[in-house]
Each structure stands twice: as structure tokens, then as C-alpha cells.
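Below you'll find the structure, written out as C-alpha cells, and then a few comments.
Bear in mind that the values in this text are calculations on the coordinates, not laboratory data. The structure displayed is predicted, hence computed values, not measured ones. Using ideal geometry, Cβ is built from the backbone for each residue, glycine included, and neighbour counts are taken over all protein chains shown.
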Amino acid sequence: MVENKPFLTFLTHLVLIVGVVVVVFPVYLAFIASTREASDFLSGLTPLLPGPHLLENYGRMLNTGLCSGGAPPVWMMLANSLLMSVIIADGKTVI
Amino acid sequence: MQSKRTVFPHKGLPYLLLAPQLAITIVFFLWPAGQALKSSFEREDPFGFRTTFIWFDNYTRLFGQPDYLLALGRSAVFAVSVTLLAMSVSLLLAVAVNRLLRAGKVYTTLLVWPYAVAPVVAGILWWFMFNSTIGILPYLLGQAGIAWNHRINGDQAMLLVVLAATWKQISYCFLFFVAGLQSVPRSLLEAAAIDGSGPWKRFWTITFPLISPTTFFLLIVNVNYAMFDTFGLIDATTSGGPAGATNILVYKVYADGVLGLNIGSSSAQSVMLMLIVIVLTVIQFRWIERRVEY
Amino acid sequence: MVHTKIAAGLLAGVALALSSSAVLAQTEVTWWHAMGAELGERLEAIAADFNASQTEFKVTPVFKGSYPETLTAAIAAFRAGEQPAIVQVFEVGTGTMMAAKGAVYPVHQLMADNNEPFDPSSFLAPVVGYYTDTAGNILSMPFNSSTPIMYYNKTAFEKAGLDPNVAPKTWAEVEAFSKKIKDSGAAACGFTSGWITWVQTENLSALHDVPYGTLENGFGGLATEFQFNGPVQVKHWENLKRWADEGIFQYGGPVGGNDAPTKFYAQECAIYMNSSASRAGVIGNAKDFEVGFAPLPFYDDVIAEPKNSIIGGATLWVLNGQSPEVYKGVAKFFTYLSTSEVQAAWHQATGYLPITNATYELGKEQGYYAANPGSDIAINQITRGTPSVNSKGVRFGNLSQVRDAIDSEFEAMLAGQKSAQQALDAAVAAGNQILRDFEAANQ
């Protein structure tokens, strides 16, 4: 950036804000979904604000998971992923 | 040009050092590829009890199917759209971030972490947003008078998967472009500004040619991604439909092999896919690399 | 020195642990299944109860994903020598499993070899007929069989001025009711359906007593060819396209039609046709309205008394390659599974059909059907009348691939690219090619 044109700076910020919104919106939706129960998504429109089930949902997934739904406890999957990525990263660097 | 060559005292040492990498390449790449090649010449029942060698039957059958030729075309459209869109959007964002000094860091952080989202998860998120009953985007589009139903309209389904695949790649390309842009010497830009060229001209005559190594690298990575890594995304959103509108090559390999249990045809398709990407990469290296200025 | 002592100590400890665990070891029976969510919880409860009822065997259920994923996993495991003892395979995989004679341990033989009581006549005829070979031997254990029924939104019916306790019986009535519902604004669309292939094509053919394929719908041999592009199926697909254009019918997506349940729960569509096993999901998710249950509609100008519907769902197949101990456990588990108490609990909680006649009698005795309206629609629909050769079911190799072709042609028709006749003709051609491949691979 060589000149100091305020219009260009404004344009730059605008572009970036639009970019951030587009890029972050789906992840925001995922967060909203994680704070609500399943039935909120089966009727009507997708809610856009967080719901009350944050601790409950996270607690359940971390501890016991939905075994019959094919989702083992998340802490186990996190531990596995951590182990795998450390080994693979080290392996790739060494080799 | 000076080239540095390392001289090893022991003759066999380089081979020994290369051995682990070679072993991994052989076991995890060459062996499965060999298996696929072998399977593509056979016809067998799913459990592997009866295997018959049928020469190039699987391949000739593939090219006789209009389905396969359509899938080839669709994969091309998909790969080109995703690559162009992802690279232009991320370049735009990278250039924008490059202009700002302090705020740039905040924006960079915000724009980079969607890269951590797995392709399947990205697919599900986009499925939610575009779902004709509960999705927020069809609702907004409906307000604007556009009826959205990607279950029936093949073009809309293709648009959906292109958008979802591009979204995933924006962060990755953005990171590389930011790094590339920072290596452009400011003295050049200042000199050009003094000579009277505006920001638009400066970008195209100085910046863009100087980031061409990054652009070239990202071109290859994006084409590879669009051809290979998008399977999870298609599976989660459109399952190759409607009427095969988003049935790209890599998804067809899965559909015929896993769902259809036709291992011979599926292997033939994966061999074809591998050949296509090899040819594309060779073309890119031969023709485009010449124009890259290091 | 110290190293050797530690090593020796470790070895001794390991040996001790191994030997003691061998004494306490139960024979493990792995069971790969495709039941997720509420159904999966019920299934695990069954396994847990069996394990608690005896100490010799331990059934370990493992959820492997969807039906196609479970089948593929089992095949891959078999080729690697790591197959489970029991695998739940959906009805369209029957052709593939039956052709894999070296991999499958037929259930009638397993029960006989292990001296477990097994009376084929105690099972519901339409269920068991699907899984019997030409000699009348039962090859797999029925577990969760379903048949499609119609669910409808009683609240929406009332809003539209229709009698909420009267469900449409014929397709003409479905059209009329749907138009009324849509015009009155009670719902945006009249009806939706899961499984266009299973519900709207295969079951359609069975109900109206028209053939789906030659050689008795494929039961007669691998040389069968498809015939589902007949006048009845074409007329129905034409109607579906017309109704979709008019907004009365909304397409729920390919394969199982995953968008369809959402449309019903969100009260976007007032009528919903899907498996009887969707009952648990419907009752759980239909929050603001009352649900009614009814048999599938039919064309009364084609047939006066519709035939029985055909089954879907899955059965349990036993794979070769385990030790005789494991098979003893499998046989005992299958006996446990077919007891009326276990079957009744499973059937009543899920909406799957009762597998044995005794289970149905038990349910009647318990007053379950009286207390839960609509819970016996499925079983009545599948046992009505005398089954003809066209309503016994279908048996084709690689049927899931054929269904994908049918879905693809249906979508092309909905998008206006082809007429119903063209779409069905193309589907038959594609399907026949798949059948010839299957025949060639399994000669």
C-alpha cells in the first residue's frame, strides 16, 4: 500500500468483512446447531440464535457419545486424532 | 547457475537414507495402485470367489457408457469452477489483507480457521444451509423470487457442491497468497508508484507475475483437490444426483465399487482418474511452468 | 541383569493374566448392524439382555453405518479374513448374499447343526418367503422387516375441512385430498414419499398384481429381466410428475428420500409414505400435530382388492470362518431373538413387523394393538389376501445399483428431461445390464 486513499481503505475493509461473513457463517451455524436439540432442525426454519443446550450437548458427546448412532465419545476420538497427527507429523519430518 | 551437490563419503548411504521413504511409497502408493490396475482387468463377484480375467473389457465398457463420458465432462466443469473461484476469491482477500497493517492480522485469523473443517462436515453444513425445507438460503432466495430445489435441478446441485468445495479451499489458498504477497519487494511497488502507475496497474504488472510460483502451486493443488478430495463433500450433500448431475469421477468410483459392488469397473475408473490427473499435472508443468518467474 | 528380571517378571505376569482370562473368557459373537439412533439403542438393549441372561456367550453389536456401508464392510472383512459372525444385510443385498455360497452359513443348517429348535412355519410367511431358497430352506434369520404405510397429519386434515379419521384409500382420493389441503392453505403440499423405488415402484407393482421382472420377479433364477416399465407403473410415474408440477407432491430425494421426513415433521406436506419402521421417528418428531396411520393407497380402476405389500428391512446372515463355539453362541442368540417376548418388545417399540405368528398373538393378548391405533396397519397390509407370484417380493442381484438407476431416471423425469415411459424404459435397460453383469460374475 503506497498511497493513502481513504476510499480504497474503506473498500478493503468492506471486501474483507464480506469475506469473513461468508467464510465464517457455516461454522457459526454448526455452533448454533450444537446448542440445540435435534428436533429444532426438523421443523420450520433453521434457528439463527444459540439455544439453551450447550453444556448438555457438549457434555454428552464428550463423555458417552451416541454409541448407537455410530459416534463414540468425542474425547476418545480427539485423543486418537492427536496421537495420529503427532506420529504422522514426526514420521514425515524424520523420514 | 550454480548447483550445490552434496557428496556422500559412503556409496551406499544415500540409498539407505532414501529407503524408508521408498518403502512407504511402495507400500502405500504403488502396491494399492498395482492392485487397482490388476482388478481393472478382471471381473469378480464381491466376495472374491470367482475371478475372471477379461482384458480391457472394463475399459471399453466404460467408454461405451454415456454416463461415464458425462461424468468426465462434469468433473472438468467442477474442477475448473472450483479452482477459478477459490483462487480468485482468496487472491482478492489476500490482496485486501495485505493493504492493512494491524487489522490485517485479525482478518487473517478469522479467514484461516475454516480450513480445519473436514470436507464431510463442510458438506453437511452446506446441506443444512441449502435444504429446501429448513435451510436459510432457499428461504432468502424464495423471498427474492428464485425457487431453489437442488434435488430436482441439476444445475443448482452443481452450484451447491461448487460453492461448498470452494468455501473449503478459500482458507488454504488465502494463506499461501498472503505469504506470497509479502515476498513482493515493496521497493518495486514504490518505484512504480513514483513513476505514476495506479494500484490496479501495479498489481497486474508487478505483483501478479511475482506471485506466479504461488499461483502455479495452488493451481495444481486445487485441481488435485477438486478431482480427489471432494468425495466426502458430494456424498454428504447430493450423493451424485439429481440424475447424476453431480456424479463426478471420484464419486462414481465409490458408487460403482462400494454401492454397486462392481470392483472391476470401479478399479478401471480409478486407474483412468489417476491417468487423467497425471496428464493434467504433466501439462501444467510443461506449459505453465515456463511462464512462472522464480 | 535387571532387564532380564523385569522381562521375566513381565512375562510371568502376562502368562498369568492370559491364563486366568482364558478361564473367565466368554465366547464373543460379533454382530455388525446398520441400526442408528433410537433403533440402535433398542438393538443394543436386546444384546445386553441376552448377555445378562447367560454367561457362556457375549454378543457384541457394532454399528457400521448405513446398510450399503455395513454390507461393504462385511465383504471387505471377509476377504481379509476378519469377518464378523453375524451381519445385518438389507433385503436388496439378498441376491448378493445368496450367490456367495462359500461365505454364508445358512441359518437352517446352523440351527440344525447346533440342535436348536427351528420351525420355519412359526414365522410369518411373507417375511420368510423372501429369504428362502428354491428348496424351501431359510437362509437368513428374519430380524427387522418392515413394509411401507401411509402417515398423515390429522391436524392439517381438519384445517382443510377433511375428516381427520378418514385417510385416502385410493390414489384418486390422495389427489383430491391433497388439492383440498393445498388450496385451503393447511399445508404447502399434499404428500411426499421416501424410497421412490421401494414404495412407489416395487410395492406399487405388488399391490396391483403386475410383474416387476420375469421368472417370478427373479426368484426363478439369474437369467431374469425387468418388466417394471408396464402400463401401471408408467401411469403412476406420469401422475407423480403431474402432481409434482402442480405442487401436490414433493420429491424427498433419492434412495431413502431423506428430505421427506423433514417435510412431514415441518408440516410442509400433510401425507407421508414410508417404512412402517419410521413410526418411532414420526411419533418422536411430530411435535405439534396429531398423526394418523393408514395402508398405502392404490388405483381402484386397476385392481379392486389390492394385494399384500412387500417387505423391506433386513435380516441377519451368518458368515463362515468362525469356530464351532461361536456358532453355538449364534444359534443360542437366534433362539433368544425369536422368542415372543423379545420380538414383541422390538416390534412394538420400532414399528418393524412381528416376525413370528406367536409374537402377533402375544401383542393381541397384551392389548397393544388396541391401545396403539395404527400399530397393526403394517402387519394387516402385508398379510391381506392371497399372495400372487407378483406380490411375493423381488429378488435381483445388485438391486441397490438398479435402484440407483431408477432414482436417476425418476429425477430426470421430474426435471422434464424425459417422459415417464422413456424414464422407465431407460431404467429397465440399465437394470437389465446390471443383471447380466451379476449373472456373469456369479455363474
- Message: Assuming 0.36 nm per residue, please report the length gained on full extension of the stretch B:THR109 to B:ALA76 beyond their Cα-Cα distance.
- Response: 8.6 nm
- Task: Would you mind computing, in nm to one decimal, how far apart the modelled labels at A:SER85 and C:ASP133 are, each placed 7 Å from Cα along Cα→Cβ?
- Result: 5.2 nm
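What's the local net charge at C:HIS208, with K and R +1, D and E -1, over the other residues with C-beta under 11 Å away? Each step should come with its number before you reach the end.
Details: positive: C:LYS235, C:LYS307; negative: C:ASP209, C:ASP300, C:ASP301, C:GLU305.
Taking every Cβ under 11 Å from that of C:HIS208, the sum is -2.
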- Note on the structure: One finds, for B:PHE63 and B:ARG290 with R0 = 41 angstrom and r their Cβ-Cβ distance, a FRET efficiency to the nearest 0.05 of 0.80
- Tabulate in residue order the Karplus-calculated ³J(HN,Hα) for the range C:267-279, using 6.51 cos²θ - 1.76 cosθ + 1.60 with θ = phi - 60°, rounded to whole Hz; enter x for Gly and Pro. 6, 6, 10, 8, 10, 9, 10, 6, 4, 5, 7, 6, 3
- In peptide B:251-259, how many Cβ atoms from other protein chains are near each Cβ within 10 Å, on average? 3
- Task: May I ask for the Kirkwood hydrodynamic radius of the range B:58-291, worked out over all distinct Cα pairs and given in angstroms to one decimal?
- Result: 19.7 Å
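What value in Å³ per residue do you get for the convex hull of the alpha-carbon atoms in the range C:18-168?
So the per-residue Cα hull volume is 193 Å³.
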- Query: Which angle from 0 to 90°, rounded to the nearest 10, does the C-alpha axis of helix C:67-79 make with the longest principal axis of chain C?
  - Reply: 30 degrees
- Query: Across 10 Å bins from 0, what is the distribution of all Cα-Cα pair distances for the range C:334-385, in whole percents?
  - Reply: 26, 59, 14, 0
- So, counting K/R as plus one and D/E as minus one, what does the shell of residues with Cβ under 13 Å around C:GLN443 add up to? 0
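Could you work out [θ]222 nm for chain B from helices alone, using -39500 (n - 2.57) per DSSP H run of at least four and dividing by all its residues? Round to the nearest 500 deg cm²/dmol. Show your work: numbers first, answer last.
Values: 14 runs with 184 residues, N = 294.
So the calculated ellipticity at 222 nm is -20000 deg cm²/dmol.
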- Message: Check which residues have an amide H placed less than 5 Å from C:THR170's amide H, if you skip close sequence neighbours.
- Response: C:PHE298
- How far is helix C:37-53 tilted, in degrees, relative to the longest principal axis of the Cα atoms in chain C, given as a value from 0 to 90 rounded to the nearest 10? 40 degrees
- Query: How far apart, in nm, are two points set 7 Å out from the Cα along the Cα-to-Cβ line at C:THR339 and at C:ASN357?
  - Reply: 2.2 nm
- Query: Peptides B:15-28, B:264-277: what's the order by average Cβ count within 10 Å, highest mean first?
  - Reply: B:264-277, B:15-28
- Query: Karplus couplings for the range B:157-165 from phi (6.51 cos²θ - 1.76 cosθ + 1.60, θ = phi - 60°), rounded to Hz, Gly and Pro as x?
  - Reply: 5, 5, 4, 4, 6, 4, 4, 5, 5
- Task: Could you give log10 I(q)/I(0) at q = 0.06, 0.08, 0.09, 0.10 Å⁻¹ for the protein assembly as shown, computed by the Debye formula over C-alpha point scatterers of equal weight, without solvent?
- Result: -0.47, -0.82, -1.02, -1.22
- Task: With label points built 7 Å along Cα→Cβ from the Cα atoms of B:LYS38 and C:ASP301, find their separation and express it in nm.
- Result: 6.1 nm
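For chain C, what is the calculated [θ] at 222 nm in deg cm²/dmol (nearest 500), taking -39500 (n - 2.57) for each run of four or more DSSP H residues and dividing by its residue count? Let's see the in-between values first.
Numbers: 20 runs with 214 residues, N = 443.
Calculated from helices alone, the mean residue ellipticity at 222 nm is -14500 deg cm²/dmol.
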- Item | Under-5 Å amide H pairs with C:THR30, H placed in peptide plane, nonlocal only | C:THR60, C:ALA85, C:ILE86
- Which cross-chain or sequence-distant (5 or more) residues have an amide H under 5 Å from the amide H of B:GLU42, H modelled 1.01 Å from N in plane? B:ILE54
- Query: By DSSP, what percent of the beta bridges with both residues in the protein assembly as shown are antiparallel, rounded to the nearest 5?
  - Reply: 60 percent
- Karplus ³J(HN,Hα) for the range C:406-418 (6.51 cos²θ - 1.76 cosθ + 1.60, θ = phi - 60°; Hz, whole; x = Gly/Pro) runs 4, 4, 4, 5, 4, 5, 5, 5, 4, 7, x, 7, 9
- Query: Across the residues of C:60-71, average count of Cβ atoms on other protein chains within 10 Å?
  - Reply: 2
- Shape metrics for chain C, restricted to C-alpha atoms - Rg then Dmax, Å: 24.0, 93
